[in-house]
Amino acid sequence: MKNNYITLKDKKGNKKEYRILLNIEETTNNVNYVIYTDDSINKDGEVKVYASTYVLSEKGNMTKLKPVEMKEEFDFIEQILSSLEGK
């Protein structure tokens, strides 16, 4: 992670840079989440936002990023994003 950006590889192995919007540590289950965007727009005119879990290395780097897949995790992240938007 440099200057609030992360670089990830897509399924084809191409590197893509994403801007980090928020890091969240969910203390109940001891899970770290990162919410990020490539600033692209979806069909509804909204900025695409992605979320992954990660492990923090001893050096303080995000490692082992995995996509969020569980409904409970999506609900948790959506609740945080909604509170930040003031909804």
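Sort 76-82, 53-59 by packing, meaning the average of other beta carbons within 10 Å per residue, with the highest value first.
Working: 76-82: 14.4, 53-59: 12.1.
Listed from highest to lowest mean packing, they are 76-82, 53-59.
In the range 9-55, what trypsin sites (Lys or Arg not before Pro) fall in a loop by DSSP, with at most 10 other Cβ atoms inside 10 Å?
Listed in order of number, the matching sites are Lys11, Lys12, Lys43.
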Leading residue at positive end of dipole, the range 5-85 (Cβ point charges), from Ser57, Ile24, Phe76:
Ser57
Sequence-separation-based contact order of the chain, relative, with Cα cut under 8 Å and 6+ spacing, percent
16 percent
Note, ³J(HN,Hα) from phi for the range 42-58, Karplus 6.51, -1.76, 1.60, rounded to Hz, x at Gly and Pro:
7, 5, 8, x, 9, 5, 6, 10, 10, 9, 9, 8, 8, 10, 8, 6, 4
Arrange the following residues from fewest to most other Cβ atoms within 10 Å of their Cβ: Glu26, Glu85.
Glu85, Glu26
Once Lys and Arg are counted +1 and Asp and Glu -1 for all other residues with Cβ under 14 Å from that of Met70, the total becomes -4
Report the Stokes-Einstein translational diffusion coefficient (µm² s⁻¹, integer) for the chain, Rh taken as the Kirkwood radius over Cα pairs, at 20 °C with viscosity 1.002 mPa s.
153 µm²/s
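We did not get these values from a lab; they are worked out from the coordinates using the rules stated. Predicted model, so just to flag it, every value in this text is computed and none were measured. Positions of Cβ are generated from backbone atoms using ideal geometry, with glycine treated the same way; all protein chains shown enter the neighbour counts.
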